[in-house]
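Undergrad: Have a look at the structure that comes next, please.
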Amino acid sequence: MEKEKYIQDLRQIKEIMDRSSKFISLSGLSGVAAGIIALAGAWYAYRNIYTESDFYGYQVVTISSESIASIIGLGALILILAIGAGLFFTAQKAKKANQKVWNSQAKRLLINLSIPLVTGGLLSLIFLSRGFIGIIAPLTLIFYGLALVNASKYTHEEIRSLGIIEIALGLLSAYFIGFGLLFWAIGFGLLHIVYGIIMHYRYGS
């Protein structure tokens, strides 16, 4: 009995330390929602934007202002919807656990996540403006993976492994340049859904 009580006390101490150092209100359902949104965006891009085979190579291509606007608009819409879904489900989880969504842990998580994301986003826009549209998918996957690895120490440990897989997919996407959109759909769509389901059942919604 004393041994069981000792183990239980250790678990409680670990939970308290995690709550004080990590943002644990991240919802698995937000990952599932983000994955579904990304798959829908990839399907739309495939049907309406990525119609020229020249867009999949390393060479410079001439892109119309309408195409650039469509790509940027679609990317912004996917980002806004994914963030909105993430905030909604995370707020619901925090409310159930009687926790605050915005605290010092969330601030550290956001800062460490944003630095690689903003850098990768700006670099992608530069390449897009120069006509290197085929490299956009690899860049976004790699920098997103770096962002997850960088921020993983402030949230659930599964985020780190997800980030490493995203980086690997980005590198493969850079090698198989003609399948960038497919790798993008796998990384931002399917992997988010799989990891979201795992986190949902492991940590609750």
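The values are calculated or read from the model by the stated rules, or taken from the named source; none is laboratory data. Remember, it's a predicted structure, so these values are computed and weren't measured experimentally. Glycine gets a Cβ as well: all are built from the backbone with ideal geometry, and neighbour counts include every protein chain shown. In case anyone asks, the SASA skips ligands and DNA or RNA and just uses the protein heavy atoms, side chains included. Shrake-Rupley method; radii C 1.70, N 1.55, O 1.52, S 1.80 Å.
Undergrad: Fully extended, how many nm does the chain gain between Ser104 and Leu171 (0.36 nm per residue separation, minus their Cα-Cα distance)? Walk me through the numbers on the way to the answer.
TA: Values: separation 67, 0.36 × 67 = 24.12 nm, distance 3.35 nm.
Here the segment from Ser104 to Leu171 would lengthen by 20.8 nm.
Undergrad: What relative contact order, as a whole-number percentage, does the stretch 119-187 give when Cα pairs under 8 Å and 6 or more residues apart are counted?
TA: Averaging sequence separation for qualifying contacts and normalising by length gives 33 percent for the stretch 119-187.
Undergrad: Taking the Cβ of Pro116 as the center, what net charge do the other residues with Cβ under 15 Å away carry, scoring Lys and Arg +1 and Asp and Glu -1?
TA: So the environment of Pro116 carries a net charge of +2.
Undergrad: Determine the per residue accessible area of the stretch 93-205 with all protein chains present and a 1.4 angstrom probe, expressed in square angstrom.
TA: Value for the stretch 93-205: 52 Å² per residue.
Undergrad: Can you compute the label reach from Tyr44? Point 7 Å from Cα along the Cβ direction, backbone N cut-off under 20 Å, restricted to the stretch 184-205.
TA: Under 20 Å, as judged by backbone N against the label point of Tyr44, lie 184-193 of the stretch 184-205.
Undergrad: At a 1.4 Å probe, what is the % contribution of carbon and sulfur to the accessible area of the stretch 138-205?
TA: 74
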